[in-house]
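Engineer: I'd like to ask some things about the structure below.
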Amino acid sequence: MAERRRPVVLILGGTSDARQLAARLAADPPGGARVVSSLAGRTKAPVLPQGETRVGGFGGAAGLAAWLREHGAAAVVDATHPFAARISANAVAACAEAGVPLLRLQRPGWTERDGDDWRRVGSAAEAADLLPSVGRRVFLTTGRMETAPYAGLDDLWFLLRSVEPPEDAAPRNLELLLARGPFTVANEIALMRGHAVDVMVTKDSGGGQTAAKLDAARELRLPVVVITRPAVPAEVCVASAAEAERWLAHVVAR
Ligand code: NAP
């Protein structure tokens, strides 16, 4: 008799939360499922999750729905970055179309603490509009994909830290620092002092991997322009890999 096809769990990844979940499921897959992690393929040398991995876009929501049907997916966990809004919206549409349960795994955002001087804005474009009134030497920590909004700010100087160099338009006065977190508070303070940074720009990514820069900015009493998160389109959302694992245990038949 042919072996019964194993259910498939798809993790949409590219984050440390997704890697944590993949590691937990590799040890004990729900219902004996085949667990597949998906990466967009943006970085040339990504940190790979444990277990099976696929790389590259699906071809929009329709392509993702087709993948889910073809592979007999039993559940999807969207553990992509809080700012990866397109793939999250695609996951909602594709799972609805293919009738597959969807969970959003998203770490909580950061909260302002005593001594912080945060200026919240809704987008990189708004951050660029605000910057000239806040500082002159900018520590830009929002990644290489979003440099274009700052490209016209010729009176400002930028320290851009990213894993790979920017490909889009970028500010003229820019120093590039290629680095991948996590970073320590002491190093962040030394970096900001060493470059006489007077304002930092960050997305509200949340989590511990890159939070040291916020502690450093507080210590140095630097203003921080914080880009707020896009809305979560998924109906069910959890904040940790452990909660996602429990949800999968219920959803994927044993
Ligand atoms: P995005 O704008 O939401 O997605 C753009 C397109 O990239 C999607 O339509 C999809 O292509 C493809 N894609 C994105 N994530 C994918 C995944 N996990 N597996 C397969 N295809 C994926 O995404 P983004 O902001 O460029 O982020 C890309 C990846 O980097 C995500 O996996 C995210 O978790 C990670 N990341 C993003 C940030 C950030 O700040 N945005 C930070 C750290 C890590 P198709 O439509 O062809 O399927």
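No lab work stands behind these numbers, since they all come straight from the coordinates. None of the values given here were measured: they were computed from a predicted structure. Note: ideal-geometry Cβ built from the backbone for every residue, glycine included; neighbour counts use all protein chains shown.
Engineer: Please list, by residue number, every one of the GluC sites (Glu not before Pro) in region 134-196 that is coil in DSSP and has at most 13 other beta-carbon atoms within 10 Å.
Structural biologist: Those satisfying the criteria are GLU167.
Engineer: Roughly how tilted is helix 60-70, in degrees to the nearest 10 and between 0 and 90, from the longest Cα axis of the chain?
Structural biologist: Its long axis makes an angle of about 30 degrees.
Engineer: At 222 nm, what value in deg cm²/dmol follows for the chain if DSSP H runs of at least 4 each add -39500 (n - 2.57) and the sum is divided by all its residues, to the nearest 500?
Structural biologist: Result for the chain: -8500 deg cm²/dmol, rounded to the nearest 500.
Engineer: I would also like to ask the following. Output the 0 to 90 degree angle, nearest 10, between the alpha-carbon long axis of helix 16-27 and the longest principal axis computed from the alpha carbons of the chain.
Structural biologist: For 16-27 against the chain, the angle is about 30 degrees.
Engineer: Then there's this: Pairing the Cα long axis of helix 185-194 with the longest principal axis of the chain, what angle in degrees results, from 0 to 90 and rounded to the nearest 10?
Structural biologist: Here the helix axis deviates by roughly 40 degrees.
Engineer: Looking at the P(r) of region 117-227, how many percent of alpha-carbon pairs lie beyond 17 Å?
Structural biologist: Everything past 17 Å amounts to 47 percent.
Engineer: Cα atoms only: what Rg and Dmax, in Å, come out for region 120-182?
Structural biologist: That works out to 11.0, 31 Å for Rg and Dmax.
Engineer: Please list, in chain and number order, the residues 5+ apart from ARG54 or on another chain whose amide H is under 5 Å from its amide H, with Hs placed from the backbone.
Structural biologist: Here the answer is SER37, SER38, LEU39, since their amide H atoms fall under 5 Å of that of ARG54.
Engineer: Let me ask something else. Given just the C-alpha atoms of the chain, how large is their convex hull per residue in cubic angstrom?
Structural biologist: Measuring per residue, one finds 130 Å³ for the Cα hull of the chain.
Engineer: If you add up the charges near LEU102, with Lys and Arg at +1 and Asp and Glu at -1, over every other residue whose beta carbon is less than 15 angstrom from its beta carbon, what do you get?
Structural biologist: Net charge around LEU102: -2.
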